[in-house]
Each structure stands twice: as structure tokens, then as C-alpha cells.
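Student: Take a look at the following structure, please.
The values are calculated or read from the model by the stated rules, or taken from the named source; none is laboratory data. Please read all numbers here as calculations on a predicted model, not as lab measurements. Cβ: placed from backbone, ideal geometry, glycine included. Neighbour counts: every protein chain shown. Keep in mind that these areas ignore ligands, DNA and RNA; they rest on the heavy atoms of the full protein, side chains included. Shrake-Rupley method; radii C 1.70, N 1.55, O 1.52, S 1.80 Å.
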Amino acid sequence: MTLNMDTVRVALGERSYEVRIGAGLLTEAGRHIAPMLPRPRVRIVTESTVAALHLKTLQDALATEGIASEALILPPGESTKAWPEFTRTVEWLLAEKVERRDLVIALGGGVIGDLVGFAAAVLRRGVGFIQIPTSLLAQVDSSVGGKTGINAPQGKNLIGAFHQPKLVLCDIDVLGTLTPRDFLAGYGEVVKYGLLGDAQFFEWLEENGPALPSGDGAARQTAVRRAVQMKAEIVARDETEQGDRALLNLGHTFCHALESATGYSSRLLHGEGVAIGCALAFELSSRLGLCSQEAPSRVRAHLHAMGMKTDLADIDSDLPSAEGLLDLMAQDKKVIDGRLRFILAHDIGKAFVTSDVPRETVLKLLDEALATH
Ligand code: GLY
């Protein structure tokens, strides 16, 4: 087994599972998975970009342990996460005679993990699945915690279910195949964890973050481990987002409006929107007198140091007016009784959920941010 592998347990009673994090895990996936199988066969769902890079490695690793595998290769991209490819996946798994005790493997980024997890949730009223996340974003966020689903014409992630995986394998080496832009977008979700609940982790990122894009494996593993630990703790406290889990949405209310305004296109990747959203959430907190003025400056300074998108001016696209952005925010899933919910902060590492935000303050903030655009 991989030396220096980290294991984080997601403690959810009989639905508990491990997230294993280390370099080279894909090449030994068979050894991790074999003990979990009632019979030596698995079905893998992936997408073509990931398949070209990693599918053979995974299938060879399974074969070494005598595990037979077949793979369904879907098209890459967000448009895969919708009914047509979902139907195709479920029908393929049925045609492959996947039984209730078999395990399905999701090999890919967030799109594949969310879609395959949802397919596993509904297939025969629930089969087990394993996440092998290949993007930084999927390793630190979407593969852990059991949120699964697809997009509807009415909005993102509106159709889905909570269905926890049986195991998550985060191979740090596969992060080396990401484009610099995809890596940095995933980093938006990493920095979110420091900002929402761990000032020391944020300090560590200020110091070590710049080494991450250039490929420092040990630092990458530390960052993924700490992010996953924080997510696991929050999910164990609040699996279905009745309370604390909403903290994971720091930056997301702004982000969803910006993603919607840019058509969920490559003009703004999700993690880029999260980073800009975190900067805006801290700015809003400071204007409401909830945190010091230094806090938003520090957040922005770190994002700048990482070469990340930080301000609305960094979005290469026309944006709606402040009123228009506020309307888009109001379509978010997090609206309750028509009131927007924000994740704000008393300081770096001290986030909280509130619906008590004056509309005028948000409008003024957005107006000023748009003026620089
Ligand atoms: N990505 C937010 C959550 O899992 O709750």
C-alpha cells in the first residue's frame, strides 16, 4: 500500500466510509476495492478525457486483483449532467446486470461523481458506489458527503438525492494531469475551508499555497487532507444540511449568480466563482461591521498571490446590473421564504449563516464591484 497514505473517516453510523488520500492510489485501487466486493466484478462510469488518461491504469489495477471490469465512457463537460446521459447510465448499469450488492465506480470530476452517485442512488433502490475523484475540486468537495444529482433546465443540481459512497480514493498524482486553470479553480474550494472554519489552515495556505500549482506533492496531500477532514466533520454533524453544512456554501450565493450570468460556461469555472464569492462575502461582512477591514484585504491578497480570479473585473464577460445579479441570487436553492441566506464571517475561520442582510448593502457592494468591471 502507498506509504504516507492519509485516511479520513466520514462518521455516519452504518453509512460511514473512508476517504483515502495518497500518491499512486489509482495503481493500487484493486487492493483497496477487492475486500469490499461480494463477487469480483465492477462497473466503471467515466468520461472520455479522464478515460484517456486514467481508465487503463484503473482497469489494470483491478485486473491484478482478479476483478473484472467494464466501463461506460460519457462525453466530458457539464452538459453530461442531465437526464439524457443519466438515463443512458442507469440503463447501461441495468443491461450490465449490476446487482444490489455490486459496486459502481465513478471515475472523474464533479460531473461524473454527481451523476454516477445519483444513478447508484436510484438503481434497484440503491446500489453502492465508490468515488475516484480526478479533479482537485472533486477531491476536496463533491466526492465527499453524498450530495448526488443532475441539472434541470430550471437550474443546477435541482434533481438529486443524498447517497453516500462506500469509499473515496483521492490519488494525489492524478492532480498532475489537470490544466493549471482547473487546478486553481479547485483551489478556490480549498481556500474556502480555511476561510470558513480554520484560520490556521488559511495561514498555512498563505505560506504553502503558491507551491501547490507547481506540483509539490506533499503540500498537495496536506491541503487535500485538511480540506477533506473539515468536510467530513461538517457532514458528520449535519448530513442533510439542516444547519452547519450550509457553511460549505461560503462564497456560493455570489458564485451562483455569477455562474448563471456567464451561462455556466468556461468564462467562469465553478471554483473561480467560489473564490470571487468568498472575497465578496468577506467584503460584505466588513461593511456590515461584522469583521475587520483587514480580513477582506487578506483574502484578496492571497487570491492575487495565487494568480486567481478575485474581482468581478477578472470575469471576461458582460455582467448584469447589481439588481440583475441580486435577482439571480434570489433563484438560488438556499432561499428560504424568499429571504436570501448568506454565509458571512466574524473573522477568517469564523463563518456563520444569516438571512439578516439588508438588500441595500448588497446592492451597493455589487454596484461598486461592477464599477471596476
Ligand atoms: N458542496 C457543498 C456540500 O457538499 O454541502
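Student: Output the number of residues of the range 330-373 satisfying the condition of being in a helix (DSSP H, G or I) and at pLDDT below 90.
Tutor: 1
Student: Could I ask something else about it? For the condition away from the ligand (no atom under 16 Å from the Cβ), under 23 Å from Glu272 (Cα atoms) and open to solvent by less than 20 Å² (accessible area, probe 1.4 Å), what is the one hit in Gly145, Gly108?
Tutor: Result: Gly108 is the single residue among Gly145, Gly108 that is away from the ligand (no atom under 16 Å from the Cβ), under 23 Å from Glu272 (Cα atoms) and open to solvent by less than 20 Å² (accessible area, probe 1.4 Å).
Student: Hand me the list of helices (runs of 4 or more DSSP H) wholly inside the range 190-297 holding 2 or more residues that are more than 12 Å from the ligand (Cβ to nearest atom) and of a type in the set (Val, Ile, Thr).
Tutor: Ranges flagged: 217-237.
Student: Let me ask something additional. List the number of the failed condition for Arg100; all other conditions in (1) at pLDDT 95 or above; (2) away from the ligand (no atom under 13 Å from the Cβ) hold.
Tutor: Tallying (1) at pLDDT 95 or above; (2) away from the ligand (no atom under 13 Å from the Cβ), Arg100 fails exactly one: (1).
Student: Can you tell which of Gly217, Gly209 is within 24 Å of Leu53 (Cα to Cα), in contact (Cβ under 8 Å) with a residue 40 or more places away in the chain, over 17 Å from the mean Cα position of the chain (by Cα) and open to solvent by less than 40 Å² (accessible area, probe 1.4 Å)?
Tutor: Result: Gly217 is the single residue among Gly217, Gly209 that is within 24 Å of Leu53 (Cα to Cα), in contact (Cβ under 8 Å) with a residue 40 or more places away in the chain, over 17 Å from the mean Cα position of the chain (by Cα) and open to solvent by less than 40 Å² (accessible area, probe 1.4 Å).
Student: If you scan the range 117-142, which residues turn out to be more than 16 Å from the ligand (Cβ to nearest atom), open to solvent by less than 20 Å² (accessible area, probe 1.4 Å) and assigned to a helix (DSSP H, G or I)?
Tutor: Hits for the range 117-142 are Ala119, Ala120, Leu123.
Student: Only one residue in Ser266, Ser286 is free of Cβ contacts under 8 Å to residues at least 12 places away in the same chain and surrounded by 15 or more Cβ atoms within 10 Å (Cβ to Cβ), so which one is that?
Tutor: Ser286
Student: Here is a further query. Which one of Lys156, Lys166 is open to solvent by 40 Å² or more (accessible area, probe 1.4 Å) and within 15 Å of the ligand (Cβ to nearest atom)?
Tutor: Exactly one residue qualifies, and that residue is Lys156.
Student: Does Gly273 satisfy the condition of being farther than 30 Å from Ser16 by Cβ, out of contact with any Gly (no Cβ under 6 Å at 6 or more places or on another chain) and without any contact (Cβ under 8 Å) to a residue 12 or more places away in the chain?
Tutor: no
Student: Same structure, new question: Just need a number here: residues in the range 297-311 that are under 9 Å from Ile276 (Cβ atoms) and of a type in the set (S, T, N, Q).
Tutor: Total satisfying the criteria: 1.
Student: Also, quick follow-up: Which condition does Tyr193 not pass, out of (1) farther than 23 Å from Asp332 by Cβ; (2) under 14 Å from the mean Cα position of the chain (by Cα), if it passes all the others?
Tutor: Failing condition for Tyr193: (1).
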